[in-house]
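Some notes on the structure that comes next.
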């Protein structure tokens, strides 16, 4: 699968050190300026998806689209954007309202026919799903032959695996949650065992390679610069070094 440049005047995706630094600075402002953080993340995500599958004229599904920050970035590259989220509250996060083509539904039971979309995408959702590979199976199912499935998720053993309870999650998810509540006076938003689950790159690669109806094209770190992309190919190392991993699959044709 070859890299492609997005539609119009959109810039091509380049995993540079400057890009990684820019995203990290935006990440530090997530709580104080969510529009800045999610806006930059959305533009970067659209460029990264466009790198793997041309978005111009594509019908795409964003599983776990939340408050809709990604819609504008993907539509700017020519995609028809459809979003699914199981949490109505997430859709209205930061005072936003659900946009058109937004569906309230579970990612584990997508309300779409087989082969409906050119691209099925998921950003930082699988770690919040008790059965993440069932959701990933659904993403494969609703993607047309020749289409692309892209799953990006936060690795449990990485520096942000416990989300707001990091880095104490490495000592145990429940212990980290209790520590957070003692220090902040309230439980974390992401409750271990309920809305946050340990997930690994190894499990994702194993799932992708077991697919009969899709072929694994790439395993890459989402945020690291290209010179460090090799870390995603090294078992054990990638679990801590990559922070977040991207699985890229292509839906097979019926004949293949």
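The values are calculated or read from the model by the stated rules, or taken from the named source; none is laboratory data. Small disclaimer: the values here were computed from a predicted structure and weren't measured. All Cβ positions, glycine included, derive from the backbone under ideal geometry; neighbour counts span all protein chains shown.
A compact table of results
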read-out: Given (1) in contact with a helix residue (DSSP H, G or I) (Cβ under 8 Å, 6 or more places away or on another chain); (2) under 22 Å from residue 200 (Cα atoms); (3) at pLDDT 95 or above, index of the condition residue 128 fails; value: (1)
read-out: Test: residue in the stretch 140-147 that is under 29 Å from residue 240 (Cα atoms) and either at pLDDT 95 or above or touching a strand residue (DSSP E or B) at 6+ places or on another chain (Cβ under 8 Å) (or both); value: yes
read-out: From 221, 188, residue being crowded, with 17+ Cβ neighbours inside 10 Å, free of Cβ contacts under 8 Å to residues at least 40 places away in the same chain and within 26 Å of residue 22 (Cα to Cα); value: 221
read-out: Given (1) modelled with pLDDT of 95 or more; (2) surrounded by fewer than 22 Cβ atoms within 10 Å (Cβ to Cβ); (3) under 24 Å from residue 222 (Cα atoms), index of the condition residue 112 fails; value: (3)
read-out: Residue count for the stretch 71-88, restricted to those that are within 14 Å of residue 125 (Cα to Cα) and surrounded by 16 or more Cβ atoms within 10 Å (Cβ to Cβ); value: 4
read-out: Tally, over the stretch 191-214, of residues that are crowded, with 16+ Cβ neighbours inside 10 Å, over 17 Å from residue 244 (Cα atoms) and without any contact (Cβ under 8 Å) to a residue 60 or more places away in the chain; value: 1
read-out: Some residue of the stretch 145-165 being farther than 29 Å from residue 47 by Cβ and in contact (Cβ under 8 Å) with a residue 12 or more places away in the chain; value: yes
read-out: Helices (runs of 4 or more DSSP H) contained in the stretch 157-256 and holding at least 3 residues closer than 30 Å to residue 118 by Cα, under 20 Å from the mean Cα position of the chain (by Cα) and modelled with pLDDT of 95 or more; value: 201-210
